[in-house]
1. Go through ILE284, ILE243, ILE294 for me and flag whichever is hydrophobic (A, V, I, L, M, F, W, C) and over 23 Å from the mean Cα position of the chain (by Cα).
2. Could you list all residues from the stretch 253-285 that are surrounded by 14 or more Cβ atoms within 10 Å (Cβ to Cβ) and not in a helix (DSSP H, G or I)?
3. Consider the stretch 368-398. How many of its residues are surrounded by fewer than 20 Cβ atoms within 10 Å (Cβ to Cβ) and either under 12 Å from ILE316 (Cβ atoms) or not hydroxyl-bearing (Ser, Thr, Tyr) (or both)?
4. Conditions first: (1) free of Cβ contacts under 8 Å to residues at least 60 places away in the same chain; (2) loosely packed, with under 14 Cβ neighbours inside 10 Å; (3) among the basic types (Lys, Arg). LYS73 passes all but one, so which condition is the exception?
5. Between residues in the stretch 81-104 that are in a strand (DSSP E or B) and residues that are of a type in the set (Gly, Ala, Ser), which pairs lie under 6 Å by C-beta distance while being six or more apart or on different chains?
6. What about ALA348, is it modelled with pLDDT under 95, out of contact with any strand residue (DSSP E or B) (no Cβ under 6 Å at 6 or more places or on another chain) and assigned to a helix (DSSP H, G or I)?
7. Can you name the condition, by its number, that ILE189 falls short on among (1) under 27 Å from LYS130 (Cα atoms); (2) modelled with pLDDT under 95?
8. Can you tell me which residues in the stretch 51-80 are assigned to a strand (DSSP E or B) and under 16 Å from the mean Cα position of the chain (by Cα)?
Amino acid sequence: MKIKLIGIWFTICILTAVVVQPICAAESILLVTSDKTAVNDKWFKIMAQDVPQFNSTSSIFQNQQVAIVVFYKEPSTDSAHQAKIFFDLKVVFPDGNCTEQKEIKVIVGKISEAKIVRLSEQIPYLTFDKPGNYQIQVSVRDMNAKTVQIHKKTIEVKEYFNNRYFNDINTFSNWMNTYYQSLTPEKIIDGMVFFAHGDPNIRNKRFSQVSVFFGKALSDNQYLIPHLLNIYPEQDNDMKMTILGTLPYIKHDFSEFINQLPDNEKQFYSEWLNQYIQYPDRGIKEPTTIKDSIRISYQMDMLWSYFFASGEYPPIKQLVEVLELGKFKGSLEKYKQTKSSADEENAAKELVYKASRWSIETNIKQHRLVKDYCEFIYAQENLPPYAKQELKEVLGKN
């Protein structure tokens, strides 16, 4: 078993903003989750009055990562208004042996409002390499009050097997679009198999968009990568192309795997690296031609795929920032009349703006988390003026 400890800055949230379980009079609650956004974006990037929804888990696969998250309220303080809370983590293995990590920091510092719910400053991540039932015990210690609150949770660790989950495009599409709401990484590899052998027209049209989804999902579930590479040699050309096409979107070093490929497959991958549409990590660049706007529309679809694979905040912020191109409204009609290169650039910008606004309006209605993020962006982010106004209209704040 491995334990990785990360530190995060604490944030605040009003009491009603935690829905894992009622806090009532308790000083702390425990969340065990494989949802990595549960400890950052879903907590930090929504308004205090909006209720974050976290994925709790009691069953994972070998080498899948889980976070041990502690929420707390009403800490005792000393005469200088300083709180001092730690928690000890104990893991009991199926054979009865155990491991412990002590004094993981919850909060050490000044507290201004005791009734506000907060997130611990440090969060351990665990992976388990053997199947079985593991007992998790967290002891939250308020050093000023000299009290201890104990939480216990059983985690079942299972061996991973690739099963069949998808038989039709509707089931597959619905799974992709709601994946972030209820994480099921065990379905990822079969999802790739289904997509690889689906309608060639759909595959060609959506390849980059779907590859980003799989790339992000596999980046967050690295335990699946050895399974994917192990089945690679026995796959047909369609599946091999899907796997190779997805590799650039996965945060993983595949150099050893690529070096062992047959020459024709190695050549395909090399050619793909020279032509694939890159994920827009640093945001959407403004187009200069109508052709540019088509490429950018693919990148905006990629941003949505990244969100659906993770529920993370950055792609939504990037899409909202594109709304600044609303200042070019009317340019497309002008370009239709003049056909001049000078007007084409502004027309291309309007096309990108329209695609962004339509997608945000549509997904705000269908996905509560998109709306929560947009509310936070409107209230907290320093948006340029046209983007601010466009988002205000989308949110119905006129």
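1. Numbers: ILE284 fails: over 23 Å from the mean Cα position of the chain (by Cα); ILE243 fails: over 23 Å from the mean Cα position of the chain (by Cα).
After ruling out the rest, the residue left standing is ILE294.
2. Correct list: PHE254, LEU261, TYR276, ILE277, TYR279, PRO280, GLY283, ILE284.
3. To start, the set of residues in the stretch 368-398 that are surrounded by fewer than 20 Cβ atoms within 10 Å (Cβ to Cβ) comprises 368, 371, 375, 378-386, 388-389, 392-398.
Next, only the ones that are either under 12 Å from ILE316 (Cβ atoms) or not hydroxyl-bearing (Ser, Thr, Tyr) (or both) stay: 368, 371, 375, 378-385, 388-389, 392-398.
So the answer is 20.
4. Against the list (1) free of Cβ contacts under 8 Å to residues at least 60 places away in the same chain; (2) loosely packed, with under 14 Cβ neighbours inside 10 Å; (3) among the basic types (Lys, Arg), LYS73 comes up short only on (2).
5. Cβ pairs passing all conditions: ASP88/SER139.
6. Working: modelled with pLDDT under 95: no; out of contact with any strand residue (DSSP E or B) (no Cβ under 6 Å at 6 or more places or on another chain): yes; assigned to a helix (DSSP H, G or I): yes.
So ALA348 fails the test.
7. For ILE189, the exception is condition (2).
8. So the first thing to find is which residues in the stretch 51-80 are assigned to a strand (DSSP E or B), and the list is 59-61, 66-72, 77.
Hits for the stretch 51-80 are VAL66, ALA67.
The values are calculated or read from the model by the stated rules, or taken from the named source; none is laboratory data. Please read all numbers here as calculations on a predicted model, not as lab measurements. Neighbour counts are summed over all protein chains in view; Cβ atoms, including those assigned to glycine, are modelled from backbone coordinates with ideal geometry.
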